[in-house]
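Data first, discussion second: the structure below is written as structure tokens.
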Amino acid sequence: MEYDALVVGGGIGGMESSLKLGDMGYKVLLVEKEPSVGGRMILLSKVFPTLDCASCISGPKMSSTINHPNITTASSSTVLGIRRTPEGRFLATVKKRATYVDPAACTGCQECEPVCTVAVPDQFNADLVPRRAAFLAFPQAVPKKVVIERAGTSPCTDTCPAGIKAHGYVALIRNGRYEEAFQLVLEATPLVGTLGRACYAPCENECTRDDVESSIPIRRLKRFVADRHYETMQGPGVVAPEPNGHRVAIVGSGPAGLTAAWQLARLGYGVTLYEASPEPGGFLRYAIPAYRLPQDVVERDIANVTALGVEIVTNSPITDLEALHHDGFDAVLVATGTPRSTTLGIPGEEFAGVQSGLELLRDVRLGAGPDWTGQRVVVVGGGNVAMDAARTARRLGARRTIVAYRRGRDEMPAMASEVQDAAHEGVAFEFLVAPVEVLGDEHGRVTGVRCQRMVLGAPDASGRRRPEPADHSTFVIECDAVIGAIGMVPDTEDFATTLRVGADRRVAVDPLTRQSEVEYLFAAGDVVNGATDITRAVGEGRRAAHMIDRFLTGRPLDGFVALDDRLAAVDKAAVLARQRTYTPREAAPDTFSLSDGPTDFSEVERVLSEVEALAGAGACLDCGVCSECGQCVRACPADAIDLNAKDQVIEVDVGAVVVSTGYKLFAADLKPEYGWGQYANVITGMQMDRLLAPTRPFNTVLRPGDGKVPERIAYVSCTGSRDRTVDNPLCSKLCCMYSVKQNQLIMGTLPLADVTMHYIDIRAAGKRYDEFYEQSRAMGASYIKGRVSKITEKDNGDLVLRYEDIENGGAITEAEYDLVVLAVGVQPNREVEQLFTDEHLDLNEYYYVDEPDDDLDPGRTNIPGVFVAGAAAGAKDIVDSITHAGAAVSQVAAYLERRRDDDLINQELATMELSR
Amino acid sequence: MTSTINRDPREVIREEPLMHRPILEALAGGPLTVPEIAEILGRPSEEVMIWVMGMRRYAKLVELREPTDDGFFQYADTSREVRS
């Protein structure tokens, strides 16, 4: 793309430059970092000295800018760098930030705003009031398009292997929208109640709040909304779509199969689930003990699936996958998990009393568990199944349960919380111990396990240190039962004729699409990956369903944005840096009731109360800003919101550059003696301008501390200007006059208010500026010459100013006010230093863009072809900015015409050379 | 009560959605000023001011036409009928 000129910054200087260049016939690209052009001027109440409405003056210019046929405006965009081309032009790299809203579709209706679940400070109202993450910058924004603020994917959401939008449902709960939170999880999986209990919550390990004091209880919040839904509603609350005519068979009804069925059914597929066992659910039903996951919760979750018309055929092991295809299924998904246990592989496994952990857990779920009252049980293994088996043994009456594990506690694959809970329930641990033989009596019953002590050697392929025998000595742990829980493998022998099955019995499929070499056959979950956990299996089911849908609709097998194409996770350090201080909160309450002698299988964890849930959700830091709750997407009548949009980086070729990046306002907290940021009733001039504007954040001018209508208002001029203590000796030129303007406006808005300005001297050098000042005095504003040294606060929020009263003998005096306005000055915007990558843009000694000959050649910089317009070159009011932009534009036009002439001459010379 | 700011404003603002219910419950008996709501909630008035103004922005609350003699506006729940 080629333009005659690039204008960086869409404030009054940038707009004026663009319009004048456009009027001259030059093609202009205007790049503005904010969602709207207009800069600060559009945020002002009125302008001095005419007291014209700022919006009324600025609005038409904004509109003209973006509608001008020669101007292309890139809002929400940043210039990443500008470099010179060999032809003497410039190549600019421009990043167009995703706004997640299609500007062509958005009508600016703002229906998305009230439903947004995230509140952040409104920078366009000087942080005086909250706005939403989905927001229109301000009512007069041009373009009038909503944008959605996203800093990245929140770490909790980013880490979820199921692609569940954890931040989203937490934000919905904080807003009291519990059913919407339930529905958001349902978008990923029907297993809301199950995951609310049995998920290992990797989200909580990544929670940024954990770096402050403790993670928020994300998993338990999911359970909270699941329990509320199931208490009050029948079915999932989702309407089954019209059938699309395709049929899909899913073999295996564990978490992967159920999730895939759910996803496909929501798309209108006719889904049949085949389950070998008498009841559906796989490990959810047969491997996770009821004290962690009650049966009725699994049944409610499964009922979500059947509510959409999914047929579940139980007691139906599938051995012939091709036959399903022949029976009319367009695609088949294998999701049979890892139902086989790895044997211990030691002598004595045939003795009565030896069984696998999976067998034990299944027997107990079927009501056929052993009675181990008073017996001793050894569980071999260190994974979650071993922990479940050991805790189950305690509930079956075992007086002593020992977990024997060949590595140390730190190397255990079981979740730390599971190990901890097992220990709480009286399970004992023998670490660095490997069984070498099961011992039995003459009746064939177990009497003990002979074990060998181990030490940890070098790391193995898994990265964990390999256990090695310490010596040749052994010892015996006496016991009445031995439970082997050292691993699980898939049962895939029957599939080997149609699918590629590895030596480890896992099915080999494409790692991205889960499609096998037989195109209608897919496989997902533990049958592909080996034993993992429920949440990973849910993610697998989602992926497989997505790919099956793509396959059956003739589309490329890609586009799984739920897990493959998320926005990068936001940097936690950057999140924490958003606040200066954090108020510590109490950690979420312990909701477990564990005893060292459990006697039944009743659930060991209670649900959070509503108060606890709100407190937990209220601690969320909104890391990604937008929570991805999706409420805006639903609310948008124009279907304009796409949360999967991406930033774009483009390169543009331009003939000249105009730098019009404006200024920064002085940070008032750098004058701590004035109390801004400490006393709520001390505000800045920009904050007062917002309070006076027609689109103000409050209903009128009110004290931010308590909402009182102020009657005594003081101004402190030169805050951060002409002040070497803050390294700014310059006069900011506009503070006196904006203060005088505000004095007059306040007297109009609050006729009973007294306005006093504490000043060093009034600088009113401009057309009709002095008359404007005198008019203010005549209206009743008081002006006291002398610097304010300190502001303190009284118990009622009133403020005491200590100042030098020069015109009355220089006495140190104190006066009380309801509200104090600091007339903050301006500072250079040093972001310009990053603009040019291969040439150095000179700044003057005060870090404004240098004009080497500003008297006779205003607007020209040290780089040929680069010009500066407005306050980027020094403090200027609106009038001066416009005038300066005019000068810069003249320079640009002259430069472009000179270059055009030079190019023509060079072309003619080249033609003459050729003709010779 | 002073208006000294004790918490980071971003933290206070983030809580606005969480505070809708307690504030609306406080207004169940009729319109109240910011200090009155603050007293009922036991929260600093400058924090309540932020929440009330956020709720006003999104039309959950509306101010009565005139301030009280003490110079405070009263705010009412927009879902309830109020006589100013």
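Miscellaneous remarks
- FRET E, pair A:V800, A:D669, Förster distance 25 Å, beta-carbon r, rounded to 0.05: 0.85
- Per principal axis, descending, Cα span of the range A:850-916 in whole Å: 58, 19, 17
- For the range A:617-662, the fraction of C-alpha pairs farther apart than 15 angstrom is 70 percent.
- Label-to-label distance, nm, for residues given as A:A587 and A:K790 (7 Å Cα→Cβ offset): 4.3 nm
- If you take the alpha carbon atoms of the range A:212-305 and fit the smallest convex hull around them, that volume is 135 Å³ per residue.
- Average other protein chain Cβ within 10 Å of Cβ, residues A:168-174: 1
- Relative to its residue count, the range A:788-916 spans a Cα convex hull of 178 Å³ per residue.
- Residues A:D838, A:D480 in ascending order of nearby Cβ atoms (within 10 Å, fewest first): A:D838, A:D480.
- When the Cα atoms of chain B are aligned to their principal axes, the ranges along those axes come out at 36, 27, 20 Å in descending order.
- A straight chain from A:L366 to A:H472 at 0.36 nm per residue would run longer than the Cα-Cα distance by 34.0 nm.
- The range A:645-661 residues near the modelled A:K96 label - backbone nitrogen below 18 Å, point 7 Å along Cα→Cβ: A:645-654
- Remark: C-alpha extents of the range A:466-622 on the principal axes read 60, 58, 37 Å, sorted largest to smallest.
- With a 10 Å cut-off around each Cβ of A:114-121, the average count of Cβ atoms from other chains is 4.
- Exposure proxy for A:H472, A:H325: other Cβ atoms within 10 Å of each Cβ, ordered fewest to most, give A:H472, A:H325.
- FRET efficiency for B:R21 and A:E299, using Cβ-Cβ distance with R0 set to 45 Å, rounded to 0.05: 0.85
- Based on Cα contacts under 8 Å between residues 6+ apart, the range A:615-771 shows a relative contact order of 16 percent.
- Rounded FRET efficiency, nearest 0.05, which uses the C-beta distance separating A:E807 from A:E711 and R0 of 30 Å: 0.80
- With the convex hull of its Cα atoms as the shape, the range A:293-370 has an orientation-averaged projected area of 8.0 nm².
- Entry note, chain A: relative contact order of 16 percent, from Cα contacts under 8 Å with a spacing of 6+ residues.
- Paramagnetic reach from A:D903 in the range A:649-693 [backbone N under 11 Å; point 7 Å along Cα→Cβ]: A:654-656
- For the range A:714-853, the share of alpha carbon pairs falling in successive 10 Å distance bins from zero is 11, 33, 31, 15, 8, 2 percent.
- Taking the fewest neighbouring Cβ atoms within 10 Å as the starting point, the ordered list for A:K144, A:K222, A:K876 is A:K144, A:K876, A:K222.
- Rounded, prolate or oblate (a/c below 1.5 giving rounded, otherwise prolate when a/b exceeds b/c) for the range A:1-130 by Cα gyration tensor: oblate
- Inter-label distance, nm, simple model (7 Å from Cα along the C-beta direction), B:R7/A:K646: 4.0 nm
- Sorted peptide list for A:434-442, A:22-30, criterion being average Cβ within 10 angstrom, highest first: A:22-30, A:434-442
- 5 Å binning of all Cα-Cα separations within the range A:328-455, expressed as whole percents from 0 upward: 2, 10, 19, 22, 21, 13, 5, 3, 2, 2, 1, 0
- Per residue, chain A reaches -8500 deg cm²/dmol at 222 nm when only DSSP H runs of four or more residues are counted, each adding -39500 (n - 2.57).
- Highest average packing first - A:660-671, A:533-544, A:841-852, A:115-126, Cβ atoms within 10 Å: A:533-544, A:115-126, A:660-671, A:841-852
- Rg/Rh for the range A:173-245, where both radii come from Cα atoms and Rh is the Kirkwood radius: 1.06
- Between A:T700 and A:V455, the contour length at 0.36 nm per residue exceeds the Cα-Cα span by 80.7 nm.
- Beta bridges by DSSP in chain A, antiparallel share as percent, to the nearest 5: 45 percent
- Kirkwood-based shape ratio for the protein assembly as shown, expressed as Rg/Rh from alpha carbons: 1.07
- Partner chain coverage, peptide B:57-67 - average Cβ within 10 angstrom: 3
- For chain B, relative contact order (Cα pairs under 8 Å, six or more residues apart, normalised by length) works out to 30 percent.
- With the gyration tensor restricted to C-alpha atoms of the range A:652-756, the semi-axes of the equivalent ellipsoid amount to 29, 19, 14 Å, longest first.
- Computed over the range A:576-691, Kirkwood Rh from alpha-carbon pairs, angstrom: 21.8 Å
- Put a dot 7 Å past the Cα of B:D69, heading toward its Cβ, do the same for A:R500, and the two dots end up 8.9 nm apart.
Laboratory data are not the source of any read-out in this text; all were calculated from the coordinates shown. Source: prediction; values computed, not measured. All Cβ positions, even for glycine, are placed from backbone atoms using ideal geometry, and neighbour counts span all protein chains on display.
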